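The values are calculated or read from the model by the stated rules, or taken from the named source; none is laboratory data. Just so we're clear, the structure is a prediction, and the values are computed from it rather than from any experiment. Ideal geometry is used to build each Cβ from the backbone, glycine not excepted, and the neighbour counts take in all protein chains shown.
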Amino acid sequence: MKRNEDSKALKEVWDMKEDAYKGVEGLPLATALHTRLTTSMTTAVQLGFVTTRALNCAEASVEYKEKRKKPLKV
């Protein structure tokens, strides 16, 4: 019986995910999320998928969090 090999594209995705993980490994959760979101938004803007306005919104949310006095109740 012939075994299906993983496609080259799938292997590339796994490699990219591993690189993304290594870039934030060991960081606190909030810092890791901010780093990944900012990097992702920057890449999306460079590739023309979104405008810089979306990137500014992502940055503003971090600034807002840092200025808050009380944590939000969930």
Problem set entry | Residue satisfying condition, being touching a helix residue (DSSP H, G or I) at 6+ places or on another chain (Cβ under 8 Å) and of a type outside the set (Phe, Trp, Tyr), within set THR43, THR35 | THR35
Problem set entry | So LYS2, is it exposed (fewer than 10 other Cβ atoms within 10 Å of the Cβ), modelled with pLDDT of 85 or more and either in contact with a helix residue (DSSP H, G or I) (Cβ under 7 Å, 6 or more places away or on another chain) or among the charged types (D, E, K, R) (or both) | no
Problem set entry | Condition check for ASP15: at pLDDT 90 or above, outside any loop (DSSP other than H, G, I, E, B) and within 13 Å of the chain's Cα centre (by Cα) | no
Exercise. Which of the following residues is surrounded by 10 or more Cβ atoms within 10 Å (Cβ to Cβ) and at pLDDT 90 or above: LEU27, LEU37, LEU55?
Worked result: LEU27
